[in-house]
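Inspection log for the structure reproduced underneath, given as structure tokens.
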Amino acid sequence: MLTFVPQLVIGAADLAAALLFMYGLWRMSSPVTAPSGIRVAGLGMLLAVLASFLYLYGVSGAARAHLPSNIGLAVIALAVGGGVAWWSGRRVAMTSMPQMIALYNGMGGGAAGAIAAMELFGDKAQGATQLVVTLLGALIGAVSLSGSLIAWARLDGLIKQPLRVSGQKLINAAVLVATLAVGATLVHAAQGAAPPWMSAAHLIELYFGLALLVGVLMTLPIGGADLPVVVSIYNAFTGLAVGLEGFVLQNPALMIAGLVVGAAGLLLTRVMARAMNRTISHVLFTSLGAPSGHQEGAMRGSLKPTAPGDAGIAMRYAGSVIIVPGYGLAVAQGQGKLLELVKLLQSGGVSVKFAVHPVAGRMPGQMNVLLAEAGVPYDLIFQLEDINGEFAGTDIALVIGANDVVNPAACTEKSSPIFGMPILNAGQAGRVFVVKRGEGKGYTGVVNAPFYADHCHMVYGDAQAVLSGMIEAVRELGLPAAA
Ligand code: NAP
């Protein structure tokens with residue numbers, strides 16, 4: 001029997017954890033406060049985990065005999081999971097963060113699925129409502145697990161191309177209907193009407209197998225440009241699955257944490273889908289059965305290399321510069337040098353602004369975080385819709401390690417994987433300098449035609465080295481020092 005004191009402590013800890021999750025999430029909405037938001041939410045998670053141990057007071061009967069070994073297993077699992085997360089979190093490169101998010105997301109879905117499996121195999125779900133909620137949590141958790149693993153493999157380059165077959169929509173629908181039918185049979189069997197053709201345990205195994213297959217089939221055909229949105233959808237799925245399993249276990253901390261994550265994931269998905277000019281159903285279903293090949297047309301013009309120093313001097317004598325940062329800047333870790341260059345230009349009277357595309361880099365908000373990390377003043381950073389009209393009246397656009405986010409093929413070529421995505425109109429500036437190492441394409445592998453335009457020059461090299469060259473050249477001009 002739970003004694004009054006542990007019950008009170010559990011309730012208070014759950015409430016405090018829920019408030020910390022929400023406060024942490026709120027702080028994560030700005031790159032400036034995001035690091036502390038992560039710490040606050042982490043504290044909430046620690047509190048929820050500690051409170052979970054108090055639930056063991058309530059264990060009675062035969063289960064009490066297993067208490068010491070169960071506590072031991074839980075502590076080992078926490079140590080292993082926490083250790084792996086600590087180790088991998090410290091060594092992961094900023095540019096590999098999306099893969100890691102997809103992987104951890106999948107683990108969350110898998111954990112929710114595992115709780116559901118315990119309930120189902122242990123025959124613990126009481127009544128039809130609880131059983132349906134458990135099965136729903138199991139389905140969503142399993143889809144999130146297998147879907148996130150496929151997204152991870154795609155983002156990590158283990159699976160290079162989306163996999164599409166004709167009739168895929170039909171196959172996916174058939175597998176989903178079969179999963180739901182097995183679930184319905186399980187509910188029916190729980191009312192005492194066991195199907196003669198399969199034991200309940202085998203039905204549960206089949207249910208999980210089919211649910212995992214749904215996640216795989218749903219994710220394999222999705223195009224590279226839409227993968228971030230899909231990861232975000234699975235994030236929402238994981239939250240929902242955890243919340244449902246919290247309901248089954250009557251654990252308020254799980255319920256609240258799950259629903260907070262689910263709601264935040266859903267909002268992020270909407271924001272990202274809108275940024276890509278997609279609907280969520282477009283992301284999930286339109287690529288099914290669509291051809292995966294995109295034909296590149298012949299390029300007009302040529303790529304014209306220029307030296308970093310020349311580009312730096314041109315910017316120093318310009319009236320206005322808009323900088324478009326992209327994935328390559330994060331790879332090169334050139335954000336510090338970039339700020340140095342910006343300060344030099346500003347001290348010479350040049351107006352400098354940053355234009356940030358919502359899906360620049362490899363994870364939502366990556367550029368904002370990168371620039372905030374370097375100490376770029378927030379009032380210099382503009383989002384796509386706020387700055388796109390300014391490129392045409394700007395002397396120079398400096399595109400640094402960005403490619404897809406300035407590619408007008410997104411507006412003009414229907415067969416392009418990025419078709420429909422709004423882009424930054426960097427090509428409309430008076431002159432354009434593009435910093436990249438060579439002729440590598442962007443994330444989606446589409447050639448960028450404006451790089452061949454007359455007013456565009458390529459500054460080849462690693463972004464950090466190129467920025468150093470620009471800084472040196474501007475300094476050598478010996479113009480006014482920083483005010
Ligand atoms: P991008 O299209 O991937 O282009 C990055 C460019 O940076 C490449 O053309 C590459 O060319 C250059 N580069 C790489 N390393 C460099 C270095 N060390 N120094 C200088 N340049 C370097 O990047 P983006 O314009 O930022 O677009 C983001 C893309 O990723 C979009 O298609 C988006 O949908 C996708 N995506 C976004 C997210 C997200 O949530 N933000 C997640 C997953 C995918 P070189 O090889 O020639 O140097």
Wholly within the stretch 34-135, which helices (runs of 4 or more DSSP H) include no fewer than the required count, namely at least 1 residues that are open to solvent by 50 Å² or more (accessible area, probe 1.4 Å) and at pLDDT 85 or above? 34-54, 67-91, 97-121
Number of the exception - MET458 against (1) open to solvent by 30 Å² or more (accessible area, probe 1.4 Å); (2) over 28 Å from GLN99 (Cβ atoms); (3) not in a helix (DSSP H, G or I): (1)
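Filter the stretch 125-147 down to the residues that are of a type in the set (S, T, N, Q) and in contact with a Leu (Cβ under 7 Å, 6 or more places away or on another chain), then identify the one that is farthest from GLY445 (Cα to Cα).
Among them, the one singled out is THR134.
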Any idea how many residues of the stretch 340-378 are polar (S, T, N, Q), over 25 Å from GLY442 (Cα atoms) and part of a helix (DSSP H, G or I)? 2
Hey, can you tell me all the residues within the stretch 303-334 that are out of contact with any Gly (no Cβ under 8 Å at 6 or more places or on another chain) and open to solvent by less than 10 Å² (accessible area, probe 1.4 Å)? ALA311, MET315, VAL321, ILE322, ILE323, VAL324
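Residue by residue through the stretch 365-414, note down the ones that are open to solvent by 40 Å² or more (accessible area, probe 1.4 Å) and of a type in the set (Ser, Thr, Tyr).
Listed by number, the residues that qualify are TYR378, THR412.
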I'm trying to understand the selection: among the residues of the stretch 280-322, which are more than 16 Å from the ligand (Cβ to nearest atom), closer than 24 Å to VAL216 by Cβ and at pLDDT 75 or above? SER281
Which pairs turn up if I take residues in the stretch 342-361 that are within 16 Å of ALA473 (Cβ to Cβ) and look for partners that are within 16 Å of the ligand (Cβ to nearest atom) with beta carbon separation below 8 Å, at least 6 apart in sequence or on another chain? VAL342/ILE323; LEU344/ILE471
Of ARG437, ARG475, the only residue that is away from the ligand (no atom under 12 Å from the Cβ), touching a residue at least 12 places away in the same chain (Cβ under 8 Å) and open to solvent by 60 Å² or more (accessible area, probe 1.4 Å) is ARG475
I'd like to know if the stretch 455-465 contains one or more residues that are closer than 30 Å to GLN346 by Cβ, at pLDDT 95 or above, among the acidic types (Asp, Glu) and near the ligand (Cβ under 7 Å from one of its atoms). yes
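The values are calculated or read from the model by the stated rules, or taken from the named source; none is laboratory data. Source: prediction; values computed, not measured. Every residue, glycine as well, gets a Cβ built from its backbone with ideal geometry; the counts of neighbours run over all protein chains shown. For the accessible areas, the whole protein counts, side chains as well, though only heavy atoms, and no ligand, DNA or RNA atoms are used. Shrake-Rupley method; radii C 1.70, N 1.55, O 1.52, S 1.80 Å.
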